[in-house]
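The structure under discussion appears below in the form of structure tokens.
Coordinate-derived values only; no laboratory data. Everything numeric in this text was worked out from a predicted model, so none of it was measured. Methodologically, a virtual Cβ is constructed for each residue, glycine included, from the backbone with ideal geometry; neighbour enumeration extends over all protein chains shown.
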Amino acid sequence: MDTRSNRRHKPWLRVLGVLALGSAAFVAVVGFAHTPAGRPLLRYLPGMGSSCPHAAAATMTADDRDRVRVQTLAQYRGEAPAASRDAAGFQLGSASRDEVERWALAHALACTAAGSSLRCDAVPAGALPPGHVADTIHFGFDARDRVVSVDLSSRLPDAAIAAQWVERSDARLRAQLGEPTAQRGEATAAFMARAPLAQVASEFRRTELRAKVSVTNLGHGRFAARETYQQL
Amino acid sequence: MTRTKFSVCLSVLVVALAACGGDDGGDDGAGDSSSGGSASTTMTTSASTTATTSASTTDNTSATTDASSTTDDPTTDTGADSSSGAPACATDVCATYGAAVPVVAGLIVDQAAADPEFADFFAPLVGEGTEAVDAFKASLANFISDAYGCTSGAYTGPSMPEAHAGMGITQQQYDDFIALIVGVLQGAGVPDDDINYCFAPPLVDPAFEAMIIGQ
């Protein structure tokens, strides 16, 4: 090979080599930064803290989540105080995560923790107080590991059972909290069966909590029931 | 540090800085905004309101009701559905509700971010601030508008499978999110017939569900 040509091309080859190495390193760094282990890296890279998609999730603390929770729920605050903070057997704002975990253990529940929440599937009959039904129960905790939300979700087999469930759940919440803030739909089998997305719902907004019950026809013979309690 | 090592470090830093700098934060996981959604908003068209917003940002939608990015108009005005005998949509959805789509999209995001089942998905976006949330709402509005055939090409975000990739959305989460949307529509005064026969079809379509569930 011509040595003069080599000497002319050497600087360019060096630059190309650096760029190639840099590109490979970039792919490695960015790829790693998108893994759970690597996401905290983003906060140390200038310019990424506020604009990169995963930076916010990587830097969100329990107090951050609490702040966001309070902020987003503020719009649902009602005017009257709640007569009860009972949420399917748990006290909103005071029941502890330990208490929930003991309950889950006592009923042999398989629960999964994620962020500030705990999700328990295959909830057996008898694990909850009378009148409550749940295939899945989802607990939310604040930064001090106190229960701030209880969300029960289940699937009901037909319109008649769906209508009965929502009627009884609404009656139970009325006894516990008084008149609903909002109510929609008719708790009858005919209404629930009329078409997909037929829904009956009641919402109770109080100064310190929000409670909702709803049942929705999802088509294909599926009826989704939810009972939700949230501390404000 | 030798010149070569310095060049390598500098090039890595430069390209890494460029990697996410253009992201607008309207990403996976919608969030509630700091503004309250009014459940009493009435959905009507208004000549003075703008139905859609610019889709110049490449934001994602997530955990929201969306149709395929190839938007077929699911609402028709042709009378009974002969295949099933069920009533068909008797309302011109775009004319009646088109201008209200941004409001409804905003309410969906607000309520989802406040919902205990979805709050963790949305909290990072809310934490990014109002601008990011508003961008997400605008993107969702564009998607809804395209999905119901009111616009074409307004939405420029990723496909539904791409937008939900890695989230592992379950059937139950999908169902509960659809139920949330129904609550928003009811609260906004949409008649039951329109919810059941106009808005429902794409939302309960198994093919559409499959684009979001289990991704």
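In whole percents, the pair-distance distribution calculated for segment B:90-146 from its alpha-carbon pairs, binned every 5 Å from zero, is 4, 20, 25, 22, 14, 8, 6, 2, 0. Its alpha carbons give segment A:86-231 an Rg and a Dmax of 15.3, 46 Å. Using bins of 5 Å that start at zero, the share of Cα-Cα pairs per bin across segment B:89-215 amounts to 2, 10, 18, 25, 25, 14, 5, 1, 0, in whole %.
For A:VAL148, nonlocal amide neighbours, meaning residues 5 or more places apart or on other chains whose placed amide H falls under 5 Å from its own, are A:GLY93, A:GLY140, A:PHE141, A:ASP142.
Here, P(r) means the percent of Cα pairs in each 5 Å bin from 0 to the largest distance; for segment B:122-174 it is 4, 17, 19, 23, 24, 12, 2. Among A:LYS212, A:LYS10, sorting on how many other beta-carbon atoms sit within 10 Å of each Cβ, with the fewest leading, yields A:LYS10, A:LYS212. The Cα-based radius of gyration and maximum Cα-Cα distance (Dmax) for segment A:190-230 are 12.2, 39 Å.
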